[in-house]
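Coordinate-derived values only; no laboratory data. The shown structure was predicted, so the numbers you read here are calculated from the model rather than taken from an experiment. Cβ coordinates were reconstructed from backbone atoms using ideal geometry, including for glycine residues, and neighbour counts include every protein chain displayed.
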Amino acid sequence: MLERRQSARDRVILGSVASINDRGSTMDCVVRNISEGGLCVEFERTAKLPDEMRVTIAQKDCSFLLE
């Protein structure tokens, strides 16, 4: 199969927390893969997500701003 991604992705399963707004709302999530271009994030429930949120992966001691 031809790989068309511009950057390689690392498949992972990491428990994470998404910070939804400035008032401290959070949702648990799972990061399924990471690449230079972003993250694949999975939520347990269907929810309306904002245009911007921060995903924190405590196990890796890092966070990402998703826009």
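Summary table
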| item | result |
| --- | --- |
| Residues of segment 26-52 satisfying the condition of being out of contact with any Ser or Thr (no Cβ under 6 Å at 6 or more places or on another chain) and more than 18 Å from I13 (Cα to Cα) | T46, A47, K48, L49, P50, D51, E52 |
| Every residue from segment 40-67 that is closer than 21 Å to S7 by Cα and in a strand (DSSP E or B) | C40, V41, E42, V55, I57, C62, S63, F64, L65, L66 |
